[in-house]
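Following: one structure in structure tokens, then a few remarks.
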Amino acid sequence: MKIKQVILRHLKMDLLHPFTTSLGTETDRDFILAEIQNEDGLSGWAESVACADPFYKEETVKTNWHIMEDFLIPLLLQQDIKHPDDVSDLFAHIRGNYMAKAALEGAVWDLYAREQDISLATALGGIKTQIEVGLSIGIQDTADDVLRKIELGLHEGYKRIKIKIKPGWDIDITRAVRKEFPSIPLMVDANSAYTLDDLDHLSQLDEFNLMMIEQPLAHDDLIDHADLQSRMHTPICLDESIHSAEDVRKAIKLGSTKIINIKIGRVGGLTEAKKIHDLCQAHNMPVWCGGMLESGIGRAHNIAITTLANFTLPGDTAASSKYWLKDIVQPEITVDNGIINVPDKAGIGYEPDWEQINLLTLEKKVYVR
Ligand code: MG
């Protein structure tokens, strides 16, 4: 692959509804859209899932722009890439900065698949033509708001429901959901809001037959999660703690987790995501694809990775219309009865909507070879 130029765009999109977790409330989404063009003018696309604030992880839109501009893009423009798997090796000596790396690597993957005239799902070794998705419901003002959102999500066919929890909004809300919906596939996500001091409190969740509790303890912890898992029946799923297949190897060895949430951006790209998938598969550990309030470009990447065989649990990739008045891809991502039909067109299978992208772009910069 001969990369001719890289184009970064800083976009801002308003969310249809505020999204609240234990980390805070998001009303809009700042992100970087990465476009990588070859000498024939063909482009690949991906987005960075870093937020404006360093609350989920330490990366931000600004740190991503800096790392891409000053370190990653010069490396890409100096090399001829034979296969997208080479990109993570090229970036390996730069520590951390997973979301920045993943955005550029993802655009290379899309460009590669378009050059080969195959879908990104096929390029990754995916086998599914349809994927099941669930709904993630943020913290609401009242329990009734949660129940009505669940009711709507179930009516729309979403295959599992996830509710966000935090201290003061956990046991009672889960009990209220279980009372009205005794048998739906249900899970909770704490986004690192607890410590081991909350062990007895968290153990009360065991009575609700949850699919899992996601990341209850610190964002960088493996040890305490192992302790908690040994004393809770509910499977723990790690999100924030996992950046690599190496992290997963350690988590498995320690007994910190029974399920992994794979986010492409959090683990540095699609190549590492595949490695994590393969390692989990070898240990009979299910995985699923998490969400970062992505635009359609990021959602398309999530759909492609979810076609791998061991993504056996429904992911967070809901329809564009759940988050955006108008998405930046054509067609928009649609969900039919909890199912997304994986596009078989070349690359990510969705085309950028130029009018919408230009409307939302705050800043643009072109880096030429
Ligand atoms: Mg999570």
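The values are calculated or read from the model by the stated rules, or taken from the named source; none is laboratory data. What you see is a predicted model, and the numbers here were worked out from it, not measured in a lab. FYI the Cβ positions are ideal-geometry reconstructions off the backbone, even for glycines, and counts take in every protein chain you see. Accessible surface areas use protein heavy atoms only, side chains included; no ligands, DNA or RNA. Shrake-Rupley method; radii C 1.70, N 1.55, O 1.52, S 1.80 Å.
Miscellaneous remarks
- Exclusive hit being within 17 Å of HIS301 (Cα to Cα) and in a loop (DSSP other than H, G, I, E, B), set LYS101, LYS128: LYS128
- The residue that is farthest from SER22 (Cα to Cα), among those in the range 159-195 that are among the polar types (S, T, N, Q), part of a loop (DSSP other than H, G, I, E, B) and in contact with a Leu (Cβ under 7 Å, 6 or more places away or on another chain), is THR195.
- Considering residues of the range 75-85 that are assigned to a helix (DSSP H, G or I), open to solvent by 10 Å² or more (accessible area, probe 1.4 Å) and touching a residue at least 40 places away in the same chain (Cβ under 8 Å) only, the residue farthest from GLU115 (Cα to Cα): LEU77
- For the range 52-70, a tally of residues being touching a residue at least 40 places away in the same chain (Cβ under 8 Å) and not basic (Lys, Arg) returns 6.
- LEU154 vs. criteria more than 16 Å from the ligand (Cβ to nearest atom), under 22 Å from HIS17 (Cα atoms), open to solvent by 40 Å² or more (accessible area, probe 1.4 Å) and in the same structural domain as ILE260 (by TED's automatic domain parsing): yes
- All positions within the range 193-215 that are within 16 Å of the ligand (Cβ to nearest atom) and open to solvent by 30 Å² or more (accessible area, probe 1.4 Å): ALA193, MET211
- Candidates are the residues of the range 335-368 that are farther than 29 Å from ARG160 by Cβ and either basic (Lys, Arg) or part of a loop (DSSP other than H, G, I, E, B) (or both); the one that is most open to solvent (accessible area, probe 1.4 Å) is LYS364.
- Matching entry among LYS12, LYS62 (being modelled with pLDDT of 95 or more and either more than 19 Å from the chain's Cα centre (by Cα) or not in a strand (DSSP E or B) (or both)): LYS62
- Residue satisfying condition, being in the same structural domain as ASP327 (by TED's automatic domain parsing) and open to solvent by 10 Å² or more (accessible area, probe 1.4 Å), within set ALA251, ALA245, ALA273: ALA245
- All positions within the range 104-125 that are among the β-branched types (Val, Ile, Thr), assigned to a helix (DSSP H, G or I) and surrounded by fewer than 24 Cβ atoms within 10 Å (Cβ to Cβ): THR122
- Subset of the range 219-230 (residues that are open to solvent by 40 Å² or more (accessible area, probe 1.4 Å) and within 14 Å of the ligand (Cβ to nearest atom)): HIS219
- Selection count, the range 17-30, where residues are hydrophobic (A, V, I, L, M, F, W, C) and touching a Phe, Trp or Tyr at 6+ places or on another chain (Cβ under 6 Å): 1
- Qualifying residues in the range 216-244 (those that are in contact (Cβ under 8 Å) with a residue 40 or more places away in the chain and not acidic (Asp, Glu)) - the one nearest to ILE184 (Cα to Cα): CYS237
- If only residues of the range 170-192 that are out of contact with any Lys or Arg (no Cβ under 9 Å at 6 or more places or on another chain) and closer than 20 Å to THR25 by Cα are counted, the one that is farthest from the ligand (Cβ to nearest atom) is ILE173.
- Residue selected from the range 263-295 under the condition in a helix (DSSP H, G or I) and in contact with an Asp or Glu (Cβ under 8 Å, 6 or more places away or on another chain), by the criterion nearest to the ligand (Cβ to nearest atom): LEU270
- LEU325 passes every criterion in (1) assigned to a loop (DSSP other than H, G, I, E, B); (2) among the hydrophobic types (A, V, I, L, M, F, W, C); (3) open to solvent by less than 10 Å² (accessible area, probe 1.4 Å); (4) more than 27 Å from PRO84 (Cα to Cα) apart from (3).
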